[in-house]
Each structure stands twice: as structure tokens, then as C-alpha cells.
Amino acid sequence: MGYRDHHSVFGAAEGTPLVVSSRFGAPDGHTLDGYKASGSYDGYQALDRVLGMAPSKVVATVRDASLLGRGGAGFPAGVKWGFMPPDVQPRYIVVNGDESEPGTYKDRLLMERDPHQLIEGCLI
């Protein structure tokens with residue numbers, strides 16, 4: 001089994017839809033054109049939708065969707081985003097791609113296979 005055969009190891013449990021890794025098998029999933037043409041999200045349309053929303057509405061939408069962070073603790077992303085005071089500028093985001101836990105490659109796979117999903121999430 002090689003590195004490229006990740007679905008045999010990282011596939012979804014039976015009956016569970018793939019979300020984050022749904023485009024990992026696309027040969028051009030790492031390209032902008034591949035991201036724009038893929039799946040039901042059609043690349044950067046979520047960003048287009050939120051650009052017209054108030055930041056507080058975006059945070060409420062993420063919170064109400066029960067989205068969780070990727071850090072392993074399962075902390076609600078909308079709650080974390082709500083900690084940021086609304087009137088503080090400039091704002092910074094830190095993306096930690098360090099996988100110092102033995103045997104974890106989830107972040108590397110996302111950054112290599114579907115980087116625009118990560119970029120779009122950061123922009124939102």
C-alpha cells in the first residue's frame with residue numbers, strides 16, 4: 001500500500017459521507033480549476049456568499065451549523081470565532097500545519113490534495 005492509496009486507510013466509516021476528503025481522489029483537486037469544478041461547493045462560492053454578510057452573521061451561521069475545529073479536541077468553530085472582538089483591526093489567522101503527533105497526516109493531505117478548501121476556509 002502506497003501513500004497515494006489513502007482511501008483504503010482513510011476512507012469513511014460505512015454510511016458516513018466524506019466531507020473534508022471528498023475531493024482527495026481528483027487528479028487536479030489541488031489546482032484552482034479543479035477546485036472550482038468540483039463537487040457541490042463549486043470552489044469559492046461559500047466565500048462569495050459570506051462576503052455579503054455581516055461578520056456576526058457568519059459567526060452565527062458557523063456556530064449554528066455545529067462545525068468543529070480540526071485540532072482534535074472537537075471545539076466548536078463558531079464559539080471560537082465568537083471570541084474575537086468585532087471592532088479590533090487588523091485581524092490575523094494562524095494556520096498550523098505542523099503534525100508532530102506520530103502517525104498523523106490529515107493536515108498534510110488536506111494541504112496537498114485540496115489546498116483551496118483550506119484557503120477558502122481561512123478567507124471566510
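The values are calculated or read from the model by the stated rules, or taken from the named source; none is laboratory data. Model, not experiment: these values are computed from the prediction. Glycine also receives a Cβ, built like all others from the backbone with ideal geometry; neighbour counts cover every protein chain displayed.
Miscellaneous remarks
- Candidates Leu123, Leu109 - the one that is under 22 Å from Ala26 (Cα atoms) and either surrounded by 13 or more Cβ atoms within 10 Å (Cβ to Cβ) or within 14 Å of the chain's Cα centre (by Cα) (or both): Leu109
- Some residue of region 55-65 being surrounded by 13 or more Cβ atoms within 10 Å (Cβ to Cβ) and either modelled with pLDDT under 85 or not in a helix (DSSP H, G or I) (or both): no
- Evaluation of Ser56 against (1) in contact with a helix residue (DSSP H, G or I) (Cβ under 7 Å, 6 or more places away or on another chain); (2) touching a residue at least 12 places away in the same chain (Cβ under 8 Å); (3) over 18 Å from Gly121 (Cβ atoms) (one fails), failing number: (1)
- The residues of region 78-124 that are in contact (Cβ under 8 Å) with a residue 24 or more places away in the chain, assigned to a helix (DSSP H, G or I), under 20 Å from Ala46 (Cα atoms) and not basic (Lys, Arg), listed by number, are Leu110, Pro115, His116, Gln117, Glu120, Cys122, Leu123.
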